[in-house]
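Take a look at the structure set out below.
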Amino acid sequence: MITSSAPGKVFLFGEHAVVYGEPAVAAAIDLRVEIGAEEIEGSSVYVEARDLDWSGEIGPGSGVPEELEYVKEATRAVEAEGVRLEIESEIPVGSGLGSSAAVTVATLKALSDLLGRGLTRRDAASMGHQVERAVQGSASPTDTYVSAFGGVNLVEPGSGRFEKLEVEDPPLVVGDTGASGSTWEQVSGVRRLRDRYGAARRVIETIGDLSRVGVEALEGGDLECVGELMDINHGLLEALGVSTPGLSRLVHAAREGGALGAKITGAGGGGCFVALGSWGDLETPIRGAGGSPLGVTVDGEGVR
Ligand code: MEV
């Protein structure tokens, strides 16, 4: 059996704004999806997803859990037949940690290796982006790019700039609200505000500015500045309506516990936040405020 795995991610800056071409900064993290793939007799594609407690055939017209739509679409993209896939994931679903991109990129790599399709990292990132768009309707290239390449990345779809940054790994702690958010709903909500109000368009542009200054702060190793910019970014995401009382409570608990900065990561509407600080400082305050803390480090490798 061939195995492949790909990491999840956190946004340090720029989610939602990146959908409109603004820059974002996102880091791959050491939570992974692993895919095992082997050839089987016949033309069907059979999947065992242990975390979802689901197994069965996926093919045109077959009903699968939403999370497996990405696997189904990735399988179609590389025209795979006669394959059995085993999926195991450490990444909570619908949490803003990029589980759908990780499962997509890992599936593409496993099938490419198994069937000799010769996909490069870049191919896995861009094909993965098309898969996400096909399933979600709209998606920026951030999640699949970061999952494919690993590290801390600047992604600016508007200018076509994609760059792995040469920076020290920032100390990160993730906190999970335990409630999952729908990316589609949150992205639609922001689109409605943007279509209606110039002020919302300017908020989105300002988030892009935060990413630009954030890159300079990361490159200069100025973590205090990075943290302050993350706090501003969180406030602007709240202004765009994607926070929840639970998320904001945890963000404030982390700041009071000593985080240099804390913000939503990903689409919001539930899910996770990311704090800049140490596990020793932040584990207890996050737990005390009702969240589940996750100690994470930056994954420099990407898909393998
Ligand atoms: C989702 O992880 C992040 C969003 O910016 C959507 C996207 O980039 O596709 C909300």
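Nothing in this text is a laboratory measurement; each read-out follows from the coordinates by a stated rule. These numbers were taken from a predicted model, which means no experiment stands behind them. Counting neighbours? That spans all protein chains shown, and the Cβs are built from the backbone with ideal geometry, glycine included.
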Open item on the list: As I understand it, the dipole of the chain uses +1 on the Cβ of Lys and Arg and -1 on the Cβ of Asp and Glu, about the Cα centre. Which of TYR20, ILE2, VAL45 lies farthest toward its positive end?
Closed with: TYR20
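Can you divide the C-alpha Rg of the range 75-162 by 2.2 N^0.38 Å and report the result to two decimal places?
On the way: Rg = 13.0 Å, N = 88, 2.2 N^0.38 = 12.1 Å.
Compactness ratio reported: 1.08.
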Open item on the list: I want to verify a result. In a Gaussian network model of the chain, Cα cutoff 10 Å, which of these has the top mean-square fluctuation: THR144, THR244, THR104?
Closed with: THR244
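Find the Rg to Rh ratio for the chain, where Rh is the Kirkwood radius over alpha-carbon pairs and Rg uses the same atoms. Let's see the in-between values first.
On the way: Rg = 18.6 Å, Rh = 19.2 Å.
My calculation puts Rg/Rh at 0.97.
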TODO: Report, in debye and to the nearest 20, how large the dipole of the range 204-289 comes out about its Cα centre when Lys and Arg carry +1 and Asp and Glu carry -1 on their Cβ.
DONE: 420
Open item on the list: Please return the longest range in the chain lying between exposed loop sites, taking GluC sites (Glu not before Pro), DSSP loop only, at most 10 other beta-carbon atoms within 10 Å, and leaving the sites out.
Closed with: 167-304
Open item on the list: Per DSSP helix of 4 or more residues, -39500 (n - 2.57); summed, then divided by the residues of the chain. What does that give at 222 nm, rounded to the nearest 500?
Closed with: -13000 deg cm²/dmol
